[in-house]
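The values are calculated or read from the model by the stated rules, or taken from the named source; none is laboratory data. Keep in mind that this is a model prediction, so the values were computed, not measured. Using ideal geometry, Cβ is built from the backbone for each residue, glycine included, and neighbour counts are taken over all protein chains shown.
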Amino acid sequence: MIGIVSYGGYIPRLRLNRMAIYRHMGWFAPALVTVAQGERSFCNWDEDVLTLAVEAGRNCLRGRDRSRVDGHYLCSTSFPFTDRLNAGISKEALNLRDDLPAMDFSSSQRCGTSALLTALDVVKGGSCGEVLLAAADKRPTRPASFYEMWYGDGAAALLLGSENVLAEYLGGVSLAKDFVGHYRGAGRDFDYTWEERWIRDEGYSKIIPEAVGALFEKLSITMEDVDHLVFPCFFKAEHRKIAKKLGAGPEKLIDNLHEVCGETGAAHPLVMLCHALETAKPGERILLCGFGQGADALLFRVTDEIASRERGAFLRTLENGCATENYMKFLKFRDLIDPEMGIRAEAPTQTAMTVLYRNRKMLHGLIGGKCASCGTAQFPKMDICVNPDCRATGTQTEHPFADEPARVKSFTADLLAVSVDPPAIYGMVEFENGGRFMADFTDVEKEDVAVGQPVRMVFRKRYTDKERGFSGYFWKALPILQKKTETGASRSSDFDDRVAVVTGAGAGLGRVYALELAARGCKVVVNDLGGAADGRGDSKNAADAVVEEIRQAGGEAVASYDSVATPEGGEAIINAALSAFGRIDIVINNAGILRDRSFLKLGPEDWKAVLDVHLAGAYHVTRPAFAKMREQGYGRIVFTTSAAGLFGNFGQTNYSAAKLGLVGLMNSLKLEGLKYDIKVNTVAPIARTRLTEDILPPDLLERMRPEFVAPLVLYLCREDCEESGQVFNAAMGYYNRSAIFTGPGAVVGDGRTPPTPEDIHRHFDAIHDLGNAREYHNLTEALNPMIDAFESGPADGNGGGSSEPGGVAAIFKRMPEAFQADKSEGVSAVFQYVIGGDGGGEWFVTVKEQTCSVQKGRADAADTTIKMDGADFLALMQGKANAMNLFTTGKLKVEGDMMKSQLIGKLFRF
Ligand code: NAI
């Protein structure tokens, strides 16, 4: 099988609001308003086709072995050089091997898809194992033209190969026709464009259907066999019409991204393909077309492999734009206006080709050195090791710095230095694993830079020598913005020095929990087995990708690939936290699988697999963590239940049993954790993940981002969270609590002779009734009303305790009467009460040898001291308030022997 083994995209951060173009130029070209929706992407002044392609290539190659790449194709119609191998420069920047074919594909908007056909043929022929193809465009357009509105800048990269293919290539065709809708003559700055009607009616509408028809014929298929149709066409209505003509409804047509970034030229078919791959499901077929002086059409089938991949990185580059209304900045960055730059800008910029060639690995690949003797990394690579304790000579090996995590050591924002985007920000960056260098900073405002801030290295243009038509490239530091996290919340240090384990954090909800915790200073163990949705298989990629994301964003994380489903796995996951970070404060039990079957089809294997991961998994991981949390007197534990468990869902008996089992686990663990400040809660999320993409309707899915669940889960993990033993539902920004309520019920019979089924039938309405239902927080509390019901005498109606009138003092006076001597066998305790507010005071109650005495004042040695306000005390005694609620909200404070305090409910009956 051959096909796509990895993909990545890059859309520059800057986005121009199209209305800004209209606001500036609408007086001149009023018709622009008809296409002025959304934003178009545009390059920073130091970005061009090469830098875009390198960034897309890095995204595609993340976590992969670059030495396995045997060929590199670069595609564009706006290369910075017409006679210098552009792919040779990107190949150096991507640190690919020297002994591979590197080629430029150009001169047509479909050069990306044509190169893709070529690369697939090459892989099929066996001369290359893996080929990295990158396509990028930054097309020049005249100000106030429709094309300025329609176009955007961007890049996409595909890795083609034959192992672990995620989209299998099923076949392709190519059609060449010298149809000219526009052209760019040699040496001209802008395209010459023919009438739009011509391009629409004679171009897109005829040539694309012809290529698709040829492909259908070649593969003997129809549009019925296609799930996603990908072809660029910046005429929005025509895009839909062509799809309809081909038999594809809107549900099959992949958006042309006009509102998000605009059409990215030669890259656009591949950019749209990356967009489709972000959500495509195994088995789906994607038809891809490229258009330009003919058309290419290719068919892919998504494989099961995609399910084990971490996706979403491309959606994030699409979403993470920085919108501006500054049209003049856009014009300046594209060299369309020529403001005065000052005489400093006249300094010579000639590049010495000799120096460039000899230092190409350092300049384009950011390769430094590492001492083979002491391991010290340094930039640049030199003959002598910089470590003063080593100083070895001739020991330096090549060390790539481009993907090393780094931080700002010092910086300045210089208004005097020449810069296209003043002030020029530059400073020292320090690599976390050794090495530092002076770097220009890019894609950042001076207000957003800080010492200690994490940075990422990016390949950018350093200068442009206009006189000689040459661009010089080097690596710059891109400060990772600390202001916003994925949920848009302000970054903070809420979790500084805390250590969290998130199970199943390689994808879906767990990934977002991990990222959000890390963004707030928490050190995170990203645990994920990396299997398919049904739990079969495993891969390190999922956990690795999230760890990489956290590190790229400046956070701290380690990966753990163990399964939660075994005791050894659970131990190993918690040990990963202890050995990497020395403690464990937070456990989010989130790992999950599905094996949905109707009950009779549910065999023991599928029953067990689901219970093993969800219920036993939570036990395996939480138990070793709980031991540490008890020792340190602090912990936050979150379990993940589901509406299926809380309320039921057809075909999910295994899953529902496991999920409600977790609520039971929480109910008792909350009591064991109480004394040690260990809070245990449960969340029932609903979110768009691979587990739900088949189940939920598409319009709902869109709104159900995991980012809406994360804030609640993070709240439950905070130190100031007072809740314990609660279940919360969370989805789409709607949050509420679920609980088990118990009705007042009825006493049937006299409590000595069991009633008959007929008696039950007669009293069934009262038994069933939930009017005045109550929530109980432990077993003892739940038993009390039963016992009370009998003590107030058998009845046909509701049982229940009587209320106690009078003040606080009256209650203490009545305490000996309320004492349950028969329940106090073996109990010896002194309870000190400190009651605040009106009528409050101090009393102590001594229980010894099955007797009870109450005295005003302070006891010499109390076992347990109970502090609360008088009003709360009365409400508690009258059954109107709940002890656990008062306790968890801080209204009831218990000092001393916690276990003895739990006897009070049993010893006194009012
Ligand atoms: P997901 O499939 O995207 O993520 C679950 C992760 O758990 C996967 O990355 C998987 O590799 C990992 N995993 C599975 N078995 C594992 C094991 N034995 N050890 C370690 N990792 C393992 O699914 P999603 O939706 O993010 O699910 C997260 C949790 O939320 C699950 O417990 C699920 O049951 C629960 N949930 C999700 C809902 C939703 O609407 N997405 C609804 C209700 C509950």
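Taking residue 613 and the conditions (1) under 22 Å from residue 669 (Cβ atoms); (2) more than 13 Å from the ligand (Cβ to nearest atom), which numbered condition does it fall short on, given that it satisfies the others?
Going through (1) under 22 Å from residue 669 (Cβ atoms); (2) more than 13 Å from the ligand (Cβ to nearest atom) one by one, residue 613 breaks only (2).
Within the stretch 690-726, how many residues are within 12 Å of the ligand (Cβ to nearest atom) and buried (at least 22 other Cβ atoms within 10 Å of the Cβ)?
Count: 4.
Yes/no matrix, rows are residues, columns are (1) over 23 Å from residue 147 (Cβ atoms); (2) not in a loop (DSSP other than H, G, I, E, B):
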{"residue": "33", "(1), (2)": "no, yes"}
{"residue": "45", "(1), (2)": "no, no"}
{"residue": "50", "(1), (2)": "no, yes"}
{"residue": "72", "(1), (2)": "yes, yes"}
{"residue": "77", "(1), (2)": "no, no"}
{"residue": "81", "(1), (2)": "yes, no"}
{"residue": "100", "(1), (2)": "yes, no"}
{"residue": "128", "(1), (2)": "yes, no"}
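What strands (runs of 3 or more DSSP E) lie completely within the stretch 408-486 and have 2 or more residues being more than 30 Å from residue 375 (Cα to Cα), without any contact (Cβ under 8 Å) to a residue 60 or more places away in the chain and not acidic (Asp, Glu)?
424-431
I'm told residue 777 meets every condition in (1) within 20 Å of residue 636 (Cα to Cα); (2) modelled with pLDDT of 90 or more; (3) away from the ligand (no atom under 16 Å from the Cβ) except one. Can you identify the failing condition by its number?
Every listed condition holds for residue 777 apart from (2).
Name the residues in the stretch 661-688 that are more than 14 Å from residue 725 (Cβ to Cβ) and either within 14 Å of the ligand (Cβ to nearest atom) or free of Cβ contacts under 8 Å to residues at least 12 places away in the same chain (or both), would you?
661, 684, 685, 686, 687, 688
Is there any pair linking a residue in the stretch 498-511 that is under 17 Å from residue 711 (Cβ atoms) to one that is of a type in the set (Lys, Arg) and in a strand (DSSP E or B), with Cβ under 8 Å and at least six apart or on different chains, and which?
What qualifies is 498/523; 500/523.
If you scan the stretch 554-580, which residues turn out to be small (Gly, Ala, Ser), within 11 Å of the ligand (Cβ to nearest atom) and assigned to a loop (DSSP other than H, G, I, E, B)?
Selection gives 563, 565.
Tell me, please, whether a residue that is touching a residue at least 60 places away in the same chain (Cβ under 8 Å) and either in a helix (DSSP H, G or I) or of a type in the set (Phe, Trp, Tyr) (or both) can be found in the stretch 184-194.
No, every residue in the stretch 184-194 fails to be touching a residue at least 60 places away in the same chain (Cβ under 8 Å) and either in a helix (DSSP H, G or I) or of a type in the set (Phe, Trp, Tyr) (or both).
Just name the residue that is nearest to the ligand (Cβ to nearest atom) out of those in the stretch 504-521 that are within 15 Å of the chain's Cα centre (by Cα), assigned to a loop (DSSP other than H, G, I, E, B) and not aliphatic (A, V, I, L, M).
Kept after step one, since they are within 15 Å of the chain's Cα centre (by Cα), are these residues of the stretch 504-521: 504-520.
With assigned to a loop (DSSP other than H, G, I, E, B) added as a condition, the list becomes 504-507, 520.
Among the residues that remain, those that are also not aliphatic (A, V, I, L, M) are: 504, 506, 520.
Details: 504: 3, 506: 4, 520: 20 Å.
Here the answer is 504.
For the stretch 140-157, which residues satisfy the criterion of being crowded, with 24+ Cβ neighbours inside 10 Å and in a loop (DSSP other than H, G, I, E, B)? Give the steps one after another, and end with the answer.
Keep residues of the stretch 140-157 that are crowded, with 24+ Cβ neighbours inside 10 Å, which gives 148-149, 151-157.
Passing the criteria: 152, 153.
Output the helices (runs of 4 or more DSSP H) that fall wholly within the stretch 724-792 and possess 1 or more residues being of a type in the set (A, V, I, L, M) and in contact with a strand residue (DSSP E or B) (Cβ under 8 Å, 6 or more places away or on another chain), or say none.
Fully inside the stretch 724-792 and qualifying: 779-791.
Within 13 Å of the ligand (Cβ to nearest atom), under 12 Å from the mean Cα position of the chain (by Cα) and at pLDDT 90 or above: does that describe residue 545?
yes
Collect the residues in the stretch 806-828 that are in contact with a Leu (Cβ under 8 Å, 6 or more places away or on another chain) and outside any strand (DSSP E or B), keeping them in residue-number order.
Answer for the stretch 806-828, where residues must be in contact with a Leu (Cβ under 8 Å, 6 or more places away or on another chain) and outside any strand (DSSP E or B): 807, 808, 811, 820, 823, 824, 827.
Hey, could you check the stretch 829-842 for residues that are in a strand (DSSP E or B) and at pLDDT below 90 and say which is farthest from residue 813 (Cα to Cα)?
Looking at the filtered set, the residue picked out is 836.
May I ask you to list pairs of residues, at least six apart or on different chains, whose Cβ atoms are under 6 Å apart, with the first in the stretch 878-897 being more than 16 Å from residue 780 (Cβ to Cβ) and the second being among the basic types (Lys, Arg) and at pLDDT 85 or above?
Listed by first residue and then by second, the contacts come to 893/867.
Pick from the stretch 301-350 the residues that are touching a Lys or Arg at 6+ places or on another chain (Cβ under 7 Å) and among the hydrophobic types (A, V, I, L, M, F, W, C): which of them is surrounded by the most Cβ atoms within 10 Å (Cβ to Cβ)?
Looking at the filtered set, the residue picked out is 302.
List every residue pair whose Cβ atoms lie under 6 Å apart, where the two residues are 6 or more positions apart in sequence or sit on different chains, the first residue falls within the stretch 619-644 and is within 11 Å of the ligand (Cβ to nearest atom), and the second residue, located anywhere, is outside any loop (DSSP other than H, G, I, E, B) and acidic (Asp, Glu).
Here the result reads none, with nothing in the stretch 619-644 linked to a residue that is outside any loop (DSSP other than H, G, I, E, B) and acidic (Asp, Glu).
Would you mind stating whether residue 890 is in a helix (DSSP H, G or I), of a type outside the set (Phe, Trp, Tyr) and closer than 28 Å to residue 722 by Cβ?
Criteria not met by residue 890.
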